[in-house]
Amino acid sequence: MLYFLRSLGLLASLFIALTLHLDAESVYKYSYFPKKIYKNQVFPVTVIGINSTRDKIPEFTFDPGSGIQPLSNQPLVINNNSDSFYTFYFKAKDRGLRIPALRIRTATDYTVLPSGFVPLAELEQRTDFCGVIAADMKIKNSQVSNYDETNHIVTLNIEANEANLEDMKLNIVEESGIEEIRREFAKVYGDFYAIVPMNQKTLQFTYFNTIQQQYTTIQIPVDVKDASVSTQAELNPKEDSFEQLKKFSLGTLTLFMLVMFLFKRDFFFLVVGVVSFITLLTLYIPHKTICIKQGAPLYILPAHSSTVSTYLDERLEAPLLGEREEYLKVETKEGVIGWVKDEDLCEN
């Protein structure tokens with residue numbers, strides 16, 4: 001009897017130890033897998049590692065034989081108590097896609113999550129749709145500049161979440177494009193431009209919000225004066241109505257102070273008048289003139305991936321309107337404003 005009780009106690013101890021060991025093991029499974037996607041949508045697939053925060057980040061390998069792979073091999077990692085969430089981002093094509101099988105290897109475990117098919121849903125067609133599908137999309141900065149004699153260029157600095165910002169385009173304007181795409185997991189940034197007629201007062205378009213499951217409208221005023229207070233003032237035209245207002249105000253102040261000095265004989269008025277006059281003179285100092293080589297490309301934006309608006313058909317001497325890193329802002333004889341690289345300046 002004593003032997004039986006001792007054996008029973010040993011079995012109970014082994015059972016408890018085995019249970020505790022199983023409870024402590026890391027378990028990996030999908031915690032989010034989309035039920036539907038849209039064409040060109042960037043979407044997440046999330047794996048949860050239960051009791052995995054004590055482990056190093058596992059080695060994740062999607063089936064290399066599949067033509068579908070995540071945008072980045074490194075997942076976005078979020079720890080929550082003893083669990084970890086690993087999120088990968090994929091981009092849909094023109095049809096539903098099969099997420100490949102995922103192999104997860106740690107120092108002690110090897111797990112394979114099976115592949116899964118995500119069907120493609122259709123979006124309602126709209127002429128003002130910019131092509132972006134996102135969980136959220138914000139315009140961080142906007143500015144309007146003169147582009148040529150009949151058009152303005154609207155430039156937008158955009159921040160979006162889970163977005164296909166690289167596909168952004170407006171069918172309601174003659175020319176538009178996206179430059180300098182930067183992706184950080186769910187976050188994506190880019191600089192968008194659109195060429196619009198000078199008589200157009202607003203630029204309005206929509207994107208599809210995947211959280212609200214509806215189109216969201218974005219409206220930007222097309223007003224050159226707004227550019228004078230922009231955080232990217234170097235994109236502004238060479239002169240606007242605000243510039244002329246400053247000249248008029250300083251001229252009036254200079255004249256008033258000189259008249260007050262003549263009547264009051266107070267040197268305070270003379271000093272203020274001289275200072276305002278010197279400030280006024282600086283506004284009339286002509287822009288520095290630079291020489292640009294024949295055949296040099298004229299870029300729409302000061303960015304490495306920017307679209308070329310035209311090529312200079314002859315050597316050009318033009319006033320320098322602005323600078324940003326290696327880019328110089330100029331205006332051609334035809335009135336086209338754009339950016340050239342400093343490497344395209346004349347050698348002498």
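The values are calculated or read from the model by the stated rules, or taken from the named source; none is laboratory data. What you see is a predicted model, and the numbers here were worked out from it, not measured in a lab. With ideal geometry, Cβ positions are generated from the backbone for all residues, glycine too; neighbour counts draw on all protein chains shown. Heavy atoms of the whole protein, side chains included, go into the accessibility calculation; ligands, DNA and RNA do not. Shrake-Rupley method; radii C 1.70, N 1.55, O 1.52, S 1.80 Å.
Miscellaneous remarks
- Sparse-neighbourhood loop sites, GluC sites (Glu not before Pro) in the range 108-176 - DSSP loop, at most 15 other Cβ within 10 angstrom: GLU122, GLU124, GLU149, GLU174
- Taking only protein heavy atoms and a 1.4 Å probe, the accessible area of the range 33-80 is 48% carbon and sulfur.
- Nearest-10 value in Å² for the accessible area of TYR207, using the 1.4 Å probe: 10 Å²
- Sorting LYS341, LYS293 by accessible area puts them as LYS293, LYS341; the probe is 1.4 Å, largest comes first, and only protein heavy atoms count.
- When peptides 245-255, 32-42 are sorted by average Cβ neighbour count within 10 Å, with the highest value leading, the order is 32-42, 245-255.
- Cross-link table LYS93/LYS140; LYS138/LYS329; LYS36/LYS91; LYS35/LYS93; LYS29/LYS56, entries beyond 21 Å C-alpha to C-alpha: LYS93/LYS140; LYS138/LYS329
- Within the shell of other residues whose beta carbon sits under 14 angstrom from the beta carbon of ASP136, the net charge comes to +1, with Lys and Arg scored +1 and Asp and Glu -1.
- The mean accessible area for residues of the range 44-102, using a 1.4 Å probe and ignoring ligands and nucleic acids, is 52 Å² per residue.
- Net charge, ALA163 excluded, C-beta distance under 11 Å - Lys, Arg +1, Asp, Glu -1: -1
- Simple point charges give the picture: +1 on the Cβ of Lys and Arg, -1 on the Cβ of Asp and Glu, and for the range 53-206 a dipole about the Cα centre of about 580 debye.
- Sites matching trypsin sites (Lys or Arg not before Pro) across the range 41-97 that sit in DSSP coil, with at most 15 neighbouring C-beta atoms within 10 Å: ARG54, LYS56, LYS93, ARG95
- List TYR311, TYR327, ordered by accessible area with a 1.4 Å probe, largest first: TYR311, TYR327
- Net charge of the neighbourhood of ASP94, taken over other residues with C-beta under 13 Å away and scored Lys/Arg +1, Asp/Glu -1, is +2.
- Taking all protein chains into account, the per residue accessible area for the range 284-348 stands at 56 Å² (1.4 Å probe).
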